[in-house]
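Trainee: Before we start, here is the structure in question, set down as structure tokens.
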Amino acid sequence: LIQKNYKTDHLIRSGLSVKKEGSTIVQDKFKNRLIFSIFDQKGKCVGFSGRYIGPEKKDFAPPKYLNSPETTLFLKSKILFGLYQAQQSIREFKFAILTEGQMNILSSHRAGVPNIVASLGTSFTEQHLDLLRRYTDNIYLAFDKDTAGKKAMLRTLEMI
């Protein structure tokens, strides 16, 4: 992006780049990551999320997913990944499927399941629920079977 004349401060403010503390070095925040654009329900790109696909190292465990920093446009507690693409099918099918991650969304779309959304690395919130209820009152949960997924499912069920 710098080669295309984007200003460094714009890249940092957008969350695509980071500056090392006490240094002038600017780095790609999403290096070795598959990047997903995050859209609000109106289709405006408000942030990015990246899934780590780089090499594994013994003493280095980067976060599996990394999101843009929160801004006035991008608040994780108020954005559901995939809602822009799923909203029409949620209305048609009269239910939504809530899952944990972007890869679940992509694989579901590929399998012909378009009415699926995910929270962005945060617990499902009341704001998420209010947003989803604009489209349907019927929500199915499809969380991972691991401990974190089970805990998230219980919290979400209580809220719903």
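Trainee: Suppose we filter segment 49-97 for residues that are under 25 Å from A148 (Cα atoms), in contact with a His (Cβ under 9 Å, 6 or more places away or on another chain) and open to solvent by 30 Å² or more (accessible area, probe 1.4 Å); how many remain?
Mentor: Of the residues in that region, 2 qualify.
Trainee: Residues of segment 132-160 being among the aliphatic types (A, V, I, L, M), surrounded by 18 or more Cβ atoms within 10 Å (Cβ to Cβ) and under 22 Å from D40 (Cα atoms), which ones?
Mentor: L132, I139 - these are the residues of segment 132-160 that are among the aliphatic types (A, V, I, L, M), surrounded by 18 or more Cβ atoms within 10 Å (Cβ to Cβ) and under 22 Å from D40 (Cα atoms).
One line per residue, one yes/no per condition, for (1) touching a residue at least 60 places away in the same chain (Cβ under 8 Å); (2) of a type outside the set (G, A, S); (3) within 16 Å of K64 (Cβ to Cβ):
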position	(1), (2), (3)
L98	no, yes, no
N104	no, yes, yes
T125	no, yes, no
L131	yes, yes, no
D137	no, yes, no
M153	no, yes, no
L157	no, yes, no
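Trainee: Same structure, new question: Please go through segment 1-23 and give me each residue that is modelled with pLDDT of 85 or more and open to solvent by 100 Å² or more (accessible area, probe 1.4 Å), ordered by number.
Mentor: Q3, K4, N5, Y6, K7, K19
Trainee: Something else about it: Regarding segment 12-31, can at least one residue be identified that is in contact with a Lys or Arg (Cβ under 7 Å, 6 or more places away or on another chain), part of a strand (DSSP E or B) and within 22 Å of I105 (Cβ to Cβ)?
Mentor: No, there is no match, as no residue in segment 12-31 is in contact with a Lys or Arg (Cβ under 7 Å, 6 or more places away or on another chain), part of a strand (DSSP E or B) and within 22 Å of I105 (Cβ to Cβ).
Trainee: Working only within segment 36-48, note down all residues that are in a strand (DSSP E or B), open to solvent by less than 60 Å² (accessible area, probe 1.4 Å) and either touching a helix residue (DSSP H, G or I) at 6+ places or on another chain (Cβ under 6 Å) or of a type in the set (D, E, K, R) (or both).
Mentor: Answer for segment 36-48, where residues must be in a strand (DSSP E or B), open to solvent by less than 60 Å² (accessible area, probe 1.4 Å) and either touching a helix residue (DSSP H, G or I) at 6+ places or on another chain (Cβ under 6 Å) or of a type in the set (D, E, K, R) (or both): just F36.
Trainee: Then there's this: Which of the residues belonging to segment 24-35 are open to solvent by 50 Å² or more (accessible area, probe 1.4 Å) and not acidic (D, E)?
Mentor: Residues satisfying the conditions are T24, I25, Q27, K31, N32, L34, I35.
Trainee: On to the next question. When you check T136 against the structure, is it at pLDDT 95 or above and in contact with a strand residue (DSSP E or B) (Cβ under 8 Å, 6 or more places away or on another chain), yes or no?
Mentor: Here the answer is yes, as T136 does meet what is asked.
Trainee: Among the listed residues I35, I25, identify the single one that is free of Cβ contacts under 8 Å to residues at least 60 places away in the same chain, under 23 Å from V117 (Cα atoms) and among the β-branched types (V, I, T).
Mentor: From the options I35, I25, the qualifying one is I35.
Trainee: If I filter segment 64-84 for residues that are outside any loop (DSSP other than H, G, I, E, B) and free of Cβ contacts under 8 Å to residues at least 12 places away in the same chain, do I get at least one hit?
Mentor: Scanning segment 64-84, I find no residue that is outside any loop (DSSP other than H, G, I, E, B) and free of Cβ contacts under 8 Å to residues at least 12 places away in the same chain, so the answer is no.
Trainee: If you check S123 against the conditions, is it of a type in the set (S, T, Y), outside any helix (DSSP H, G or I), open to solvent by 40 Å² or more (accessible area, probe 1.4 Å) and under 16 Å from I139 (Cα atoms)?
Mentor: yes
Trainee: Next question. Among the residues of segment 98-117, is there at least one that is modelled with pLDDT of 95 or more, touching a Gly at 6+ places or on another chain (Cβ under 8 Å), surrounded by 16 or more Cβ atoms within 10 Å (Cβ to Cβ) and not in a helix (DSSP H, G or I)?
Mentor: Looking through segment 98-117, at least one residue is modelled with pLDDT of 95 or more, touching a Gly at 6+ places or on another chain (Cβ under 8 Å), surrounded by 16 or more Cβ atoms within 10 Å (Cβ to Cβ) and not in a helix (DSSP H, G or I).
The values are calculated or read from the model by the stated rules, or taken from the named source; none is laboratory data. All of these numbers come straight from a predicted model, not from anything done at the bench. A quick note on method: Cβ atoms are made from the backbone with ideal geometry, for glycine too, and the neighbour counts reach across all protein chains shown. Side chains included, ligands, DNA and RNA excluded: accessible areas come from the protein's heavy atoms. Shrake-Rupley method; radii C 1.70, N 1.55, O 1.52, S 1.80 Å.
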